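*Asks:* The structure under discussion is supplied below as structure tokens; questions concerning it will follow.
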Amino acid sequence: MEMQTSNSFLSLVQTTQKISTTRGNNAKIKLAASYFESLSSNADLKLAARYLSEGAFSSVSSKKASVGHRTIATLAADFCEIDYELVFKPSRTATGSSSETIQRLFENIPEAQSKWNDTQLTLQEIDSIFQQLYITSKRELKNQILWDAWTKMTPLEVKYFIRILGQGSLRIGFESKSVENAIAKAFGQPLESVRYARMISGSMEETALMAKQDVLDKATFEMFSPIAFMLASPIESRSVEHLSEYIAEEKFDGMRCQAHVEHGKVKLYSRDLNEITGSFPEILAFFQDRNLSPTVLDGEICVFKDDTILPFQMLQKRMGVKKPSEKLLAEYPVLFIAYDLLFLDGDSLFDDSLVVRRRRLEDLASEYSLPITSQMELSSEDDVEKLFERALAHGNEGLMLKRKDSVYEYGQRRKSWLKVKKPSGSLDTVMLYAHAGSGKRGGTYSDFTLGVSVKEDERYEEEFIPIGKAYGGYSDEELKKMNTLIKDITLERFGPTLLLKPHLVIELEFEDIQVNKRTKAKYTLRFPRFKAIRWDFSPSDADTLKDVERMYEEKLHEERERQGINPSFIFRG
């Protein structure tokens, strides 16, 4: 099929399908860039950028269509005039994807073929359909909107319409970072400028328009619009030549938080940029008492009691509780400890060095009595070791090493911030599948498949691949909370198994890493179990397959060294 008018939805999905079947990220970026260039309308450009990266609605809009996967599947069966249980479900099991199944059924079943037409719906007409679904609450009316829309689309359009509606990944091996690259390439803009504008605005569609109009430099920070957090790399994966260029801080066992404060108005944001102010009223009151001028702080929320920072497990009692009781507040009081300053009195400090940001933070802390981290100078590996042991003795996770001249690298995991943690034995993984339990756990999802990130791995087209399964290590209360969340992040159902939108991060403990050539990762974890549910993390915080490979090689190296000291065999002859 030839490419259609550039402002049609069909043109977008044909480009999307071509990206899906193209190998190599640069080639994918080139396809998307060419498509963006072809769009003459600003409104169409914004919608195309949104659909390729964020879904039916902008990530900053908080809108949802609230159409369940079963609603779509049963309606598709009716559209094809087939039995849902006997025909649709087995077909879905065979393909492994509801949207793929619907495309194929619509293409091949005569009853469905007679209903759909290639009417060349425009991007703006598709947006109107999404908006109708958003404002409509009754299921039968939503079904009618979907049915009418499908009669005007080709099966390929229906497949991607469903995926875009789900606000998840399009599963074409082309995520937000690649869309940013395509926008930069399409309009001849520096990638860092595009990334900065996206961070400031929080919107891919607005960033695309600013790039086209060559006004990326006009992007300005606004209070109470959270920005992507700067991330740290494990020190084991980054060589450090000059430790004196870094400063050390103890790594708290808490929850990352961004605090936006402007006089009496205070908002707190978690690592996934969701507002969490209501969960921590004592922090809200703390900042309200200080009446700060416009300020944005990066820091950590910790349970602090009897002059002691308590373990993360204590903080979990508070996380997700929107209106904590007086008893909960008394048993698990929290404190916000700042370690970076991003905005102050109208000045954004992202491009200032850590030393400059720290000096201004210390001045602010002195004036308003704010808790901030202590910093220690480094000169040798011995310093790192001593400070690491001291941090563990304090009950903290380890150390953070921060390069003194580093700017605030929002959303990046580079060499500027390094984390020194306890010896390997756990991974931050993303929940990919939920499996229905049996026996006492019948009716709940209690077995989970966890995955690691391969977003930046040229060997894979996916975002995440499985690394292990776990069904223990959590409390009954946590299981109930996970099952409530699972309802909102389910993408597709395969009998007793749910495919989930990558969202929930689990810190997974394990006994060993083993080679397993039968799996996509080529490795599996021995006796994996939940160590902590990281409600405060986002999928971008997950460890990678390369982290798994590094940990495995380090284990082999340690075993070889032990064999050298106390060999288990000798050569004779």
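*Asks:* Return the only residue of V158, V179, V240 being more than 20 Å from F350 (Cα to Cα), in contact (Cβ under 8 Å) with a residue 12 or more places away in the chain and surrounded by fewer than 16 Cβ atoms within 10 Å (Cβ to Cβ).
*Replies:* It is V240.
*Asks:* Using beta carbons and a limit of 7 Å, which pairs, at least six apart or on different chains, have the first residue in the stretch 318-342 and closer than 16 Å to D307 by Cβ and in contact (Cβ under 8 Å) with a residue 12 or more places away in the chain and the second one surrounded by fewer than 18 Cβ atoms within 10 Å (Cβ to Cβ) and acidic (D, E)?
*Replies:* The qualifying pairs are P333/E282; V334/E282.
*Asks:* What's the number of the only condition in (1) modelled with pLDDT of 95 or more; (2) in a loop (DSSP other than H, G, I, E, B); (3) under 22 Å from D253 (Cα atoms) that G395 fails to meet?
*Replies:* (1)
*Asks:* So, in the stretch 241-300, exactly how many residues are closer than 16 Å to P371 by Cβ and under 22 Å from the mean Cα position of the chain (by Cα)?
*Replies:* Number satisfying all stated conditions: 14.
Results for (1) closer than 25 Å to E507 by Cβ; (2) out of contact with any helix residue (DSSP H, G or I) (no Cβ under 6 Å at 6 or more places or on another chain); (3) of a type in the set (D, E, K, R), shown as yes or no for each residue.
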position	(1), (2), (3)
K251	yes, yes, yes
R256	yes, yes, yes
H263	no, yes, no
L273	yes, yes, no
S279	yes, yes, no
D289	no, yes, yes
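*Asks:* With respect to S91, determine if the residue is over 21 Å from A197 (Cα atoms), of a type in the set (G, A, S) and touching a helix residue (DSSP H, G or I) at 6+ places or on another chain (Cβ under 9 Å).
*Replies:* Yes, satisfied.
*Asks:* Hey, can you tell me all the residues within the stretch 303-318 that are under 24 Å from the mean Cα position of the chain (by Cα), buried (at least 20 other Cβ atoms within 10 Å of the Cβ) and modelled with pLDDT of 85 or more?
*Replies:* Listed by number, the residues that qualify are L315, R318.
*Asks:* Of all the residues that make up the stretch 241-263, how many are of a type in the set (A, V, I, L, M, F, W, C) and touching a Phe, Trp or Tyr at 6+ places or on another chain (Cβ under 7 Å)?
*Replies:* Adding up the residues that qualify gives 3.
*Asks:* Can you spot a residue in the stretch 361-371 that is part of a loop (DSSP other than H, G, I, E, B) and at positive phi?
*Replies:* Taking every residue of the stretch 361-371 in turn, at least one turns out to be part of a loop (DSSP other than H, G, I, E, B) and at positive phi.
Residue by residue, here is whether (1) surrounded by fewer than 14 Cβ atoms within 10 Å (Cβ to Cβ); (2) at pLDDT 90 or above holds:
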{"position": "L75", "(1), (2)": "no, yes"}
{"position": "D83", "(1), (2)": "yes, yes"}
{"position": "A94", "(1), (2)": "yes, no"}
{"position": "L123", "(1), (2)": "no, yes"}
{"position": "N143", "(1), (2)": "no, yes"}
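*Asks:* Let me ask something additional. Which number in (1) modelled with pLDDT of 95 or more; (2) surrounded by fewer than 19 Cβ atoms within 10 Å (Cβ to Cβ); (3) small (G, A, S) marks the one condition that A112 misses?
*Replies:* Result: A112 fails condition (2) only.
*Asks:* Kindly establish whether L392 is of a type outside the set (S, T, Y) and touching a residue at least 24 places away in the same chain (Cβ under 8 Å).
*Replies:* When the stated conditions are applied, L392 passes them.
*Asks:* Mind listing whichever residues of the stretch 267-291 are in a loop (DSSP other than H, G, I, E, B) and either in contact (Cβ under 8 Å) with a residue 40 or more places away in the chain or surrounded by 16 or more Cβ atoms within 10 Å (Cβ to Cβ) (or both)?
*Replies:* Answer for the stretch 267-291, where residues must be in a loop (DSSP other than H, G, I, E, B) and either in contact (Cβ under 8 Å) with a residue 40 or more places away in the chain or surrounded by 16 or more Cβ atoms within 10 Å (Cβ to Cβ) (or both): S270, R271, D272, L273, I276, F280.
The values are calculated or read from the model by the stated rules, or taken from the named source; none is laboratory data. Predicted, not measured: the structure shown is a model, and the values here were computed from it. With ideal geometry, Cβ positions are generated from the backbone for all residues, glycine too; neighbour counts draw on all protein chains shown.
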